[in-house]
C-alpha cells in the first residue's frame, strides 16, 4: 500500500512542474533545457534555510526568491540568444548549478546531499501527504488551464507560431517570456518542497540531466501544449519509470538499460509528435 | 608557462571537436547534443581494439576513427536526416535521445571505470620551464595538421568552395548544381570523425569516463556560439580561449589570497562565456548571411 501512495505522491508533486514546462516548451516552443538548474538552486535554498531556521515560511520564501532570480536570468538569456543557442547555453547553466552545489560542500554538503529534512506535523502520515499533494496539484492544473485559455496563453502561442507577426499585433515578448519562466520556477519550488517532505533527503543526483530527459519525454509524448495529454503521459511514464525498479536485473545493468529505454521512448515520441512539437512555419 | 602549455594542449582537443561542429552548424543549422558521446565512442572503440582485442596502436587508431565515422553516419541517417528538413530544432531533441542511448550503451559495455588507451606513467621533459610528454607533442602536432588540412580543403579545393557555397545559401548552391544533401551527410560524418579523433586524444592523454560527455558537448558549443554561430575559425579560436580561461581560473593564486577549487574549472569558464553573450549575443565573429 505504501508503494501505491509513493506513486500517487510522485505523480502529484511533479505534475505542476510538467504543466509549467509544458507552458514554456510545449506551448511557447522556448528551448529551455535547463529547468533543473532552477530547481536545484531553489531546492538547496529552501532546504538549507529550513534546516538552519526550522521556519517553513522563511524557507519557502528563500526557495522562491532564489528560483525566481535564476529564472529571470534564464528568461533574459532566452531573449538575448537565438533559440538553439539558448538551448545549449541553458544546459551549460544547469551543469554550472550542479557544479556549484557539489563544490560548495561547506554549505551544501556536496555529494553527501541533505539528509533528515523535517516534515510538517500534519504531513507525517503518508496518506495525508498524498491527499495534500493531490489537492495542490489540482489547484495548479486549474491555474494552468485558466492561464492557457487567457490572453497570456494566446500571446504565448502567437509568439511560438510567428514572433514577428505576434509582435506587430502588440504582443510583448519580454513580458510573456518572463511570466512563463516565473510560473515554471514556482512549480519547481512546489515540487521540491513536496519531494523533500516525502523522501526527506535531497541529493544533487536528483537534478541531473537524465531527470530533464524524463521531463521533456513526458511533454513530447503527451503532445506539446496539450494539458490533458501531458497529465496522461505523466501518469503512464511515471508508472513505467517506477515499475522498472522491479525488473530482476543487477543495478549496474538496470541503470544503463533505463537510459536506453528512455532514449528510445523520447526518440519515438519525437517521431510521432514532430508536427506538434515544431510545426512547419506557415508560408504565404 | 605550464598554464599556457596546458591551455594549448586542452585547447587543441577542444578546437578539434569544435571545428568540425562549427562547419555542421554553419551548413545544416543544427546542434548535435550527442557530440560528447560521439567523442567517447571513438575513444572507447580505440581502447577496446588496443587493450581488449590486442591490435597494435597504429591499427587501433584508424579502427576507432572508422567506428566513430560509422556511428556518426548512423546518427545522421536515423536521428538527424528524417527531422532537420522538417524543422531545424527537431534534431536538438532527437540528439538528446541519442545521447541517452549512447550513454546507456557505453555504460553497459565499458562500465564507469576510467579507461586509458596507453596506461601507465608517461615520460615527461622540461621545455622553457613547462613539463610536457612526447604524447602531448604528437597529439598537438596531429591536431594542428588536421586543422591545417581542414583549412586547405575549405579554402583551396573545389569541395571547399562547394561547402562554403552551401554554408552561405543552401538553395542557391543547389540551383547551381551543388549536391547539398550529399554535402550535409559528408560534413556530419566528418564532424563525427573529428570527434572520434578528440576521443582518442583524451584516451591517450588522460583516461575516458562516461561522465565526460556533457562537459565536452557544452564546451564545444560554447566555443561555437562565442565564436559566432557557424564561423569555423571563430569557434577554433574561442576553443583555445576557453581552455586558457579554465587553466587560469584554477592555476592562478588570485590576489595572493586564494586558489579557485578545481571543481569550478569548467563552470567558471562557461559562466564567463554566458556573461559575454549577454553583451554580444551574436558572438565574436558573426558573419551576415547573404540576402537578395
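The values are calculated or read from the model by the stated rules, or taken from the named source; none is laboratory data. All values derive from a computational prediction rather than experimental measurement. We place every Cβ from the backbone using ideal geometry, glycine too, and count neighbours over all the protein chains shown.
Annotations for the structure displayed:
- Residue A:113 meets all of the listed conditions (1) within 14 Å of chain B (Cβ to nearest Cβ); (2) in contact with a strand residue (DSSP E or B) (Cβ under 8 Å, 6 or more places away or on another chain) but one, namely (1).
- Tally of residues being within 17 Å of residue A:93 (Cα to Cα) and touching a helix residue (DSSP H, G or I) at 6+ places or on another chain (Cβ under 6 Å) across the stretch B:196-218: 6
- Restricting attention to the stretch B:15-39 and to residues that are under 18 Å from residue B:285 (Cα atoms) and within 14 Å of chain A (Cβ to nearest Cβ), the residue that is surrounded by the fewest Cβ atoms within 10 Å (Cβ to Cβ) turns out to be B:29.
- On the stretch given as the stretch B:241-274, residues that are more than 10 Å from chain A (Cβ to nearest Cβ) and more than 19 Å from residue B:36 (Cβ to Cβ) total 17.
- Yes/no for residue A:225 being surrounded by 15 or more Cβ atoms within 10 Å (Cβ to Cβ) and in contact (Cβ under 8 Å) with a residue 12 or more places away in the chain: yes
- Residue check for residue B:212: modelled with pLDDT of 80 or more and away from chain A (no Cβ under 14 Å): no
- Hey, residue B:108 at pLDDT 85 or above and under 21 Å from the mean Cα position of the chain (by Cα) or not: no
- Number of residues in the stretch A:97-122 that are in a helix (DSSP H, G or I), within 22 Å of residue A:194 (Cβ to Cβ) and touching a residue at least 40 places away in the same chain (Cβ under 8 Å): the value is 4.
- Every pair of residues 6+ apart whose Cβ atoms lie under 6 Å, when the first sits in the stretch B:123-143 and is more than 19 Å from residue B:207 (Cβ to Cβ) while the second is surrounded by fewer than 12 Cβ atoms within 10 Å (Cβ to Cβ) and modelled with pLDDT under 80: B:128/B:1; B:129/B:1; B:130/B:1
- Residues of the stretch A:75-99 satisfying the condition of being more than 14 Å from residue B:283 (Cα to Cα), crowded, with 21+ Cβ neighbours inside 10 Å and more than 7 Å from chain B (Cβ to nearest Cβ): A:75, A:78, A:90, A:94, A:97
- Helices (runs of 4 or more DSSP H) completely within the stretch A:180-284 that count 3 or more residues being within 13 Å of chain B (Cβ to nearest Cβ) and under 22 Å from residue A:20 (Cβ atoms): A:209-222, A:251-277
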